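Everything below concerns the one structure shown next.
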Amino acid sequence: MLDNDAREAVGDYKAGWHDPENSTIRFDAGLSEKVVRDISELKNEPEWMTEMRVKAFKHFDERPMPTWGNMSMLKQIDFDSICYYLRSSKATENDWEDVPEDIRNTFDKLGIPDAEQKWLSGVTAQYESEAVYHSIREDLEKQGVIFLDMDSGLREHEELVKEWFGSVVPYSDNKFSALNTAVWSGGSFIYVPKGVHVELPVQAYFRINAKNMGQFERTLIIADEGSSIHYVEGCTAPTYSTDSLHSAVVELIALPGAHIRYSTVQNWSANVYNLVTKRGIAHEKAKIEWVDGNIGSKLTMKYPSVILKGEGSHAEVISVAYSGSGQHQDAGAKIHHLASNTTSKILSKSISKNGGRGSYRGLVTVSPKADNCKLNVVCDALILDENSRSDTYPTMEVANPTARCEHEASVSKVSDNQLFYLMSRGHSEEEALALIVNGFFEPFTRELPMEYAVELNKLMALEMEGSIG
Amino acid sequence: MSNDSQLLKIQDLYACIDDTSILKGINLEIKPGEIHAIMGRNGSGKTTTANIIMGHPDYEVESGTVELNGENLLEMETWERAREGVFLSFQYPQSVPGLQVGNFLRKSVAAILGEEAAKGKEFRNKLKESMKELDIPSSFLGRYVNDGFSGGEKKRFEILQLMLMKPKLAILDETDSGLDIDGIRTVAKGINAAIRGTESGALIITHYSRILEHVKPDKIHVLISGKIVKTGGPELALELEERGYDWLEEGSED
């Protein structure tokens with residue numbers, strides 16, 4: 001996926017190269033109401049959106065930082081040094097040939113056009129603040145599937161966007177959802193009509209290239225009754241000594257009987273703050289699954305959520321987190337059982353190494369009116385050395401006695417005997433560790449499309465290199 | 001190859017764990033095609049001998065040499081020894097949750113015998129045959145390595161690996177413990193298939209003579225307190241069965 005020169009240049013993290021910055025529009029660093037209005041004006045947005053942005057900005061400005069997660073790392077974010085809008089291409093193209101060469105090469109190295117041809121229904125590629133490439137299979141378009149970047153979605157389907165935007169994650173939800181609502185740019189807008197099944201996944205790829213960049217994509221997926229879709233996202237950034245900020249909001253709406261699966265392999269470089277709000281609402285008999293892999297970033301705070309609003313709906317959050325040197329993955333899940341006969345499953349797996357820190361933070365609630373709910377929470381942590389840390393903060397608030405709750409947690413270490421066993425079968429110590437780690441993540445990787453699973457295993461093998469003291 | 005054509009040659013081996021000395025001068029030679037057995041009580045140093053040949057990090061070699069075909073094993077990493085042709089069937093095989101048996105076998109055969117050996121029809125046929133020989137159902141390939149295996153399944157899985165990895169020297173550490181008569185017979189069949197009629201050799205470590213009835217060893221060594229106190233032919237197993245180890249205790253033989 002990456003040529004040798006690039007790999008040498010970036011060491012272990014293989015997506016850490018950067019292109020020369022050829023911006024067509026770059027806002028000065030810093031955030032103000034004017035910046036927010038300028039973004040909206042540049043995008044020629046309807047007034048209601050401008051107003052929502054401004055309200056959100058004010059809320060962001062007033063709202064204190066979260067007092068949990070990793071406060072000392074959060075405090076280090078310098079909002080004034082971040083660029084809130086940067087565009088590197090003139091338009092969103094639907095032919096890779098028309099995408100500026102540097103950018104096209106980057107996505108080539110990341111293997112996106114190749115994957116698109118082989119196994120995807122559609123692709124959107126975002127570079128800095130804007131989508132630079134976008135396409136969807138013709139047959140899906142004919143069936144009425146809408147798959148656009150969010151800005152085009154707002155232009156072409158304003159009524160749908162107005163109805164649903166912010167309905168699952170209001171700007172006032174938290175400080176970073178407010179920030180995203182104020183300065184959002186790019187992301188995906190998807191509508192799947194009643195009864196349509198999108199067989200192959202659609203993919204979004206997010207790339208930050210510039211230094212001190214803020215990326216604030218906004219994604220909204222609406223699956224109408226009885227439809228289904230699998231959305232896959234990946235992300236990388238160059239390695240810089242200064243920090244970048246990625247703060248996305250994702251809203252999913254699964255109408256009765258619909259099925260949305262949302263898979264993420266997050267591999268930001270170790271200078272990116274990844275503070276993301278992801279939430280879905282599942283209506284009657286609908287199903288929402290978050291498959292969430294966090295490998296990179298400096299600090300990730302992300303808790304994919306599902307509100308089980310309709311009777312018989314189902315939620316699953318399967319996540320893995322890898323925390324290496326200087327990294328803190330504060331990840332988990334939130335599920336709210338609001339209706340009867342709803343079921344949920346959380347499986348969280350985390351690995352900490354070289355002083356990295358992994359936290360599972362989970363909340364499951366069952367409301368008094370929701371009868372016969374079933375919930376299952378499993379969190380496993382694997383700690384690879386003495387300097388690393390793993391914490392679990394599971395919360396269950398069950399206000400209905402008919403609920404059936406199961407909770408299991410485990411913390412384990414790789415034993416010398418396990419390594420010796422694998423080494424006696426011809427595997428070097430690093431290979432042995434990679435086999436153990438990939439095995440630990442297997443319940444997650446088997447949920448990914450095969451191509452992603454292979455890539456994730458390679459990524460973890462790379463992380464294990466040079467890790468043996 | 002060394003000039004005296006020994007497959008395994010251990011000379012004056014002294015070893016300890018956490019400053020407790022366990023092996024006190026072991027000498028052992030196995031020629032290509034031979035199967036030897038080491039018998040002895042618990043704590044006599046049998047498993048230590050196996051672990052040292054394979055290179056377990058907990059044991060420290062104080063002095064002496066261990067050579068495979070004249071190559072100094074003690075200078076090699078465990079995985080290099082494996083690639084050189086040493087195989088250890090573990091007394092307590094470790095589980096690796098999430099690592100599928102099929103995947104593990106392919107990767108391990110590739111690591112030891114090369115990528116080509118783990119590909120294609122030949123490998124698949126060999127795998128199928130060996131599993132059949134050991135009464136292992138094909139569903140086994142989808143399970144996780146030793147995860148939730150019964151004692152018997154673990155031992156059979158070790159022998160399956162032995163058959164696929166075709167080592168020059170197989171060390172079988174209490175492969176018979178915890179097996180019933182049928183299990184022992186099956187496992188012995190696997191050992192015979194892998195070693196007999198080849199240039200490979202084996203070292204069987206056991207308490208009991210039962211497995212030795214099915215795998216006729218060329219030589220039997222009795223280990224007491226870190227020393228080999230007696231070496232004999234297959235008949236020695238029966239003698240030990242009848243008389244125990246007491247008559248071999250210190251003073252009786254050197």
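List of remarks:
- Out of A:411, A:454, A:437, sole residue that is over 26 Å from residue B:89 (Cβ atoms) and modelled with pLDDT of 90 or more: A:411
- Test result for residue B:113, among the aliphatic types (A, V, I, L, M), within 13 Å of another protein chain (Cβ to nearest Cβ), over 15 Å from the mean Cα position of the chain (by Cα) and crowded, with 19+ Cβ neighbours inside 10 Å: no
- Scanning the stretch B:64-99 for residues that are over 22 Å from residue B:16 (Cα atoms), in a strand (DSSP E or B) and more than 8 Å from every other protein chain (Cβ to nearest Cβ) yields a single hit, B:71.
Matching residues to (1) among the polar types (S, T, N, Q); (2) within 10 Å of chain B (Cβ to nearest Cβ); (3) not in a helix (DSSP H, G or I):
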| site | (1), (2), (3) |
| --- | --- |
| A:408 | no, no, yes |
| A:411 | no, no, yes |
| A:417 | yes, yes, no |
| A:422 | no, yes, no |
| A:432 | no, yes, no |
| A:435 | no, yes, no |
| A:454 | no, no, no |
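- Taken as a whole, the stretch A:14-31 holds at least one residue that is closer than 25 Å to residue A:269 by Cβ, among the aromatic types (Phe, Trp, Tyr) and part of a loop (DSSP other than H, G, I, E, B).
- Among residues of the stretch B:119-147, those that are surrounded by 12 or more Cβ atoms within 10 Å (Cβ to Cβ), more than 14 Å from every other protein chain (Cβ to nearest Cβ), under 22 Å from the mean Cα position of the chain (by Cα) and within 25 Å of residue B:180 (Cα to Cα), counted: 8
- Meets criteria (under 17 Å from the mean Cα position of the chain (by Cα) and of a type in the set (S, T, N, Q)) for residue B:65: no
- Criterion: under 30 Å from residue A:66 (Cα atoms), surrounded by 24 or more Cβ atoms within 10 Å (Cβ to Cβ), modelled with pLDDT under 95 and of a type outside the set (Lys, Arg) - qualifying residue of A:129, A:185: A:129
- Odd one out for residue A:64, checked against (1) at pLDDT 95 or above; (2) exposed (fewer than 13 other Cβ atoms within 10 Å of the Cβ); (3) of a type outside the set (A, V, I, L, M, F, W, C); (4) touching a Lys or Arg at 6+ places or on another chain (Cβ under 7 Å): (4)
- Residue match in the stretch A:191-207 (condition: on the phi > 0 side of the Ramachandran plot, in the same structural domain as residue A:241 (by TED's automatic domain parsing) and surrounded by 18 or more Cβ atoms within 10 Å (Cβ to Cβ)): no
- Residue selection: residue A:462 fails the criterion of being crowded, with 20+ Cβ neighbours inside 10 Å and either under 27 Å from residue B:161 (Cα atoms) or more than 12 Å from every other protein chain (Cβ to nearest Cβ) (or both).
- Inside the stretch B:53-63, residues that are assigned to a helix (DSSP H, G or I) and within 8 Å of chain A (Cβ to nearest Cβ) make up a count of 1.
- The set of residues in the stretch A:431-446 that are crowded, with 18+ Cβ neighbours inside 10 Å and not hydrophobic (A, V, I, L, M, F, W, C) comprises A:431, A:438, A:439, A:442, A:445.
- Single unsatisfied condition, residue A:395 versus (1) of a type outside the set (Gly, Ala, Ser); (2) assigned to a loop (DSSP other than H, G, I, E, B); (3) more than 10 Å from every other protein chain (Cβ to nearest Cβ); (4) free of Cβ contacts under 8 Å to residues at least 60 places away in the same chain: (2)
- Among the residues of the stretch A:437-452, those identified as outside any loop (DSSP other than H, G, I, E, B) and either at the interface with another protein chain (Cβ under 9 Å from one of its Cβ atoms) or in contact (Cβ under 8 Å) with a residue 40 or more places away in the chain (or both) are A:437, A:438, A:439, A:440, A:441, A:442, A:443, A:444, A:445, A:451, A:452.
- Boolean, residue B:189 is within 14 Å of chain A (Cβ to nearest Cβ), charged (D, E, K, R), in contact with a helix residue (DSSP H, G or I) (Cβ under 9 Å, 6 or more places away or on another chain) and surrounded by fewer than 20 Cβ atoms within 10 Å (Cβ to Cβ): no
- Put simply, of A:381, A:453 the only residue that is surrounded by 18 or more Cβ atoms within 10 Å (Cβ to Cβ), in contact with a Ser or Thr (Cβ under 7 Å, 6 or more places away or on another chain) and closer than 22 Å to residue A:330 by Cβ is A:381.
- Residue within the stretch B:33-52 that is of a type in the set (Val, Ile, Thr), at the interface with chain A (Cβ under 10 Å from one of its Cβ atoms) and under 23 Å from residue B:156 (Cα atoms) present: no
The values are calculated or read from the model by the stated rules, or taken from the named source; none is laboratory data. Quantities reported herein were computed from a predicted structural model and do not represent experimental measurements. Note that each Cβ is placed from the backbone with ideal geometry, even for glycine, and that neighbours are counted across all protein chains shown.
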